[in-house]
1. Please work out which residue is nearest to V309 (Cα to Cα), limiting yourself to the stretch 75-90 and to residues that are among the hydrophobic types (A, V, I, L, M, F, W, C) and more than 7 Å from the ligand (Cβ to nearest atom).
2. Of everything in the stretch 44-81 that's in a helix (DSSP H, G or I) and of a type in the set (A, V, I, L, M), which residue is surrounded by the most Cβ atoms within 10 Å (Cβ to Cβ)?
3. Looking only at residues that are acidic (D, E) and either more than 21 Å from G93 (Cβ to Cβ) or at pLDDT below 95 (or both) in the stretch 27-69, which one is farthest from the ligand (Cβ to nearest atom)?
4. Any idea which of (1) over 18 Å from L114 (Cα atoms); (2) in a helix (DSSP H, G or I) is the one K260 doesn't satisfy?
5. Of these, L204, L192, L200, which one is modelled with pLDDT of 95 or more, surrounded by 16 or more Cβ atoms within 10 Å (Cβ to Cβ), out of contact with any Phe, Trp or Tyr (no Cβ under 7 Å at 6 or more places or on another chain) and farther than 23 Å from R243 by Cβ?
6. Go through the stretch 240-263 and count every residue that is over 16 Å from H222 (Cα atoms) and either touching a residue at least 60 places away in the same chain (Cβ under 8 Å) or within 16 Å of the chain's Cα centre (by Cα) (or both).
7. Looking at the structure I just gave you, is I161 part of a strand (DSSP E or B), of a type in the set (A, V, I, L, M) and under 24 Å from D106 (Cβ atoms)?
8. Could you go through the stretch 18-29 and let me know if any residue there is under 30 Å from A219 (Cβ atoms) and not in a helix (DSSP H, G or I).
Amino acid sequence: GRKKPLVVISRKLPDAIETRMRELFDARLNVYDKALTQPELVAAVREADVLVPTVTDRIDAALIAQAGPNLKLIANFGNGVDNIDVAAAAAKGIVVTNTPNVLTEDTADMTMALMLAVPRRLTEGAAVLQGDGKWAGWSPTWMLGHRIWGKRLGIVGMGRIGTAVARRAKAFGLSIHYHNRRRVAPATEDALEATYWESLDQMLARMDIISVNCPSTPATFHLLSARRLALMQPTAYVVNTARGDIIDEDALVKMLESGKLAGAGLDVFQHEPAVNPRLVKLAGKGRVVILPHMGSATIEGRIDMGEKVIINIRTFFDGHRPPDRVLPSRV
Ligand code: 8YV
């Protein structure tokens with residue numbers, strides 16, 4: 001038969017996926033759950049037919065420039081492709097794929113979890129019963145948060161994940177507002193009773209909760225800039241399960257510290273895995289809930305993502321267009 005493609009996988013994946021990859025490919029698995037170093041990545045792109053990176057690998061133009069003649073496919077284990085210079089890959093004839101859809105619902109769930117956790121003071125309350133577990137007892141005026149039902153949710157980025165967040169939030173009694181490059185289909189808008197805001201500025205000024213659900217691209221870098229964050233009401237909350245660099249994190253921190261925003265629920269940060277210690281401090285005070293990039297972290301989701309990677313690789317080497325090809329024009 002045909003020679004199996006040499007597939008370099010940058011991170012440890014679920015066992016079931018690694019087993020299948022070993023059967024199907026000449027799979028170079030990463031047995032250490034540690035990101036490949038830069039020299040290891042260079043060696044990988046020089047030699048491999050396929051590279052399977054994750055969000056923790058920077059596949060930039062400089063790295064792609066060093067790719068060998070075999071490298072035909074970068075099959076990202078992840079939905080966001082901000083870690084890959086898709087245009088540079090395309091210029092070298094390298095196809096890029098991602099893993100959409102399978103992590104939509106999990107990420108939307110985590111968005112709701114943060115949307116509830118911050119106003120309802122979930123981590124603060126949980127902390128009372130941790131450590132020595134001493135609780136002075138219930139009181140009518142103690143540990144009061146804010147309700148989320150009846151409030152206005154503004155979704156920045158009404159794609160797959162934004163829409164899944166909207167469906168959930170509607171069921172929780174929030175009214176749905178969104179900003180997107182273009183309006184979604186009327187049927188979707190009707191089903192969600194969603195209001196479209198062409199002006200992000202105007203939407204920000206009127207919302208109780210903002211949820212960031214757009215991809216990180218050059219156009220969305222610091223989309224929530226200091227100027228735009230300042231448009232928000234001091235009673236408003238921000239939730240981000242997309243990418244840290246969509247928000248000017250320094251500006252956000254300053255506004256949270258000075259009480260110009262009520263709180264934030266963040267699963268992503270500008271300089272992961274580093275987290276601004278001032279955010280950690282705010283989290284200790286209960287104004288902020290921070291999670292270490294767990295939005296899609298379910299075992300079912302990771303297996304689904306792995307299967308998608310496998311399907312993309314197999315389809316490509318069968319001579320067909322892989323189902324999750326990412327076109328440079330879309331980035
Ligand atoms: C993963 C994600 O943590 O898919 C994404 O865009 O942020 C998460 O699902 C990560 O990307 C895996 O590479």
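The values are calculated or read from the model by the stated rules, or taken from the named source; none is laboratory data. Everything numeric in this text was worked out from a predicted model, so none of it was measured. Note that each Cβ is placed from the backbone with ideal geometry, even for glycine, and that neighbours are counted across all protein chains shown.
1. Here the residue is A75.
2. A44
3. It comes out as E40.
4. (2)
5. L192
6. Within the stretch 240-263, residues that are over 16 Å from H222 (Cα atoms) and either touching a residue at least 60 places away in the same chain (Cβ under 8 Å) or within 16 Å of the chain's Cα centre (by Cα) (or both) number 2.
7. No; evaluated as a whole, the condition is false for this residue.
8. no
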